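Worksheet for the structure shown next.
A short reminder: the numbers here are calculations on the coordinates, not readings from a lab. Just so it is clear, the structure is predicted and the values come from calculations on it, not from any experiment. Here Cβ is always computed from backbone atoms with ideal geometry, including for glycine, and neighbour counts include all displayed protein chains.
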Amino acid sequence: MNTPKRRLAVAGVISLSLLAACGSDATTTTTTAAPGTTAAAETTVAGGTDTTAAAGDTTAPAVSTAPADTTADTTAAPANLEAELNASGSTFVQTFLEENIAPFTEANSGVTINYAGGGSGKGRQDLADQLVDFAGTDGTIKAEDLPGFKGGDVLYFPVVVAPITVSYNLDVEGLLLSPTTIAKIFQLEITNWNDPAIAAENPDATLPDQAITVVHRSDSSGTTGNFTKFLEKSVGADAGGIWKLGTDSTVEWDANTQAGEGNSGVAQIITSTPGAIGYVDLSDAIDAGLTYATVENKAGKFVEATLDGASAAAAGATINDDLTFSAIWADGDAAYPITAQTWIIAYKQQTDAAKGDALKAFLNFILTDGQTIASTVNYAPLPAELAAKAVAQLDSFEIG
């Protein structure tokens, strides 16, 4: 991951906005969204349930994908932050969070932040059980799970967007794969790389007579949720019925597939298994040196897994009042169809004032300076208007 080099590269982006997180007293100045911010969709489900509108389901005006300049209207952070924050959850976003934790804690020596990963499902459950101070998640909380969150109302803070790659271990560059073919591969209906369906989509490729090994996540995973949501939306029950496994953080994979823990675990199995294919976030795929497919999108275009493709998908997403949204299977010729969104979730009521102040300051950093770090570690920053809304939501915390 070349983490030390990356941290040297991003050290220069730390500005006074690091010290501009909202304070905890009642007189804190409210941050407002940037002019022109689009209205939230009226279909919002209270509590951030798993029914958020998908990109492309509702027409939304295009928005800038540059990081928002949100520092001017925030009040000064407490001078001496002193807290230890513990968190778990998404491995999809783990690299990005670690690259933000390092400069933030260097500038705030009284703060320690421990992020354990473990998958989005673990993060949500740990937060529900009040075992962590915040969690990373690539999926929203289901309505039936909300009563189990012991700390009350939960706030969603979007972080970044990024492609989920369809990575493979094969001596063939630039494979083109449609959703239909991907679905059949992952359901073991296509089991060899020289299958006529793959050959038809890649007429210029020399495909080997080699068995396909399907690799997926072993843990409860937002990456799994978003990958299967792509298949459900594109070729699922309401779109031809080719994909039959549904969509969730875990699904019933065939027993003849292999499983890895975290995105890095899936990447490792693909790397060591000739003929393997699996879904891996772009950052981990690049770090592992994986080759990944160009995937057909909703407009019928084959699009590479790039940050530009992710930004194009996010730009058209409908943002709900609670800042949940989906960039999966988005409209647009340039949209990469398996673009995942990710959030930090935390309780609105922060009973420990020191932890609450530190968490607000850290989130402010992620949503301002941290957005300039995103592309250096293979994530796309939030659309500017969404970042502004997230900064404004910092004032919703009730601390102490």
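What the table below lists for this structure:
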quantity: 3J(HN,Hα) from dihedral phi, the stretch 242-253, Karplus parametrisation 6.51/-1.76/1.60, rounded to Hz, x for glycine, proline; calculated: 6, 7, 10, 8, x, 9, 5, 5, 9, 9, 8, 6
quantity: Vicinal HN-Hα couplings computed from phi for the stretch 339-347 (Karplus, 6.51 cos²θ - 1.76 cosθ + 1.60; Hz; Gly/Pro x); calculated: 9, 9, 10, 8, 10, 9, 10, 7, 6
quantity: Environment charge at VAL214 (Cβ cut-off 12 Å; Lys +1, Arg +1, Asp -1, Glu -1); calculated: 0
quantity: Projected label distance in nm at GLU173 and ASP254, using a 7 Å step from Cα toward the beta-carbon; calculated: 3.1
quantity: 5 angstrom amide H check on SER326, placed H, neighbours 5+ away; calculated: ALA55, THR318
quantity: ALA116 versus GLU304: modelled label distance in nm, points set 7 Å from Cα along the beta carbon direction; calculated: 3.9
quantity: For GLY400, distant residues with modelled amide H under 5 Å away; calculated: GLN350, THR351, ASP352, ALA353
quantity: Stretch gain in nm, segment ASN192-LYS142, where the contour uses 0.36 nm per residue and the Cα spacing is subtracted; calculated: 14.3 nm
quantity: Subset of LYS355/LYS389; LYS184/LYS229; LYS244/LYS301 violating a 18 Å alpha-carbon distance limit; calculated: LYS355/LYS389; LYS244/LYS301
quantity: R0 of 41 Å, Cβ-Cβ distance LYS244-LEU131: FRET efficiency to nearest 0.05; calculated: 0.70
quantity: Length added when fully stretched, GLU106-ALA211, from 0.36 nm per residue minus Cα-Cα; calculated: 32.9 nm
quantity: Built amide H within the under 5 Å cut-off of VAL154, gap 5+; calculated: LYS348
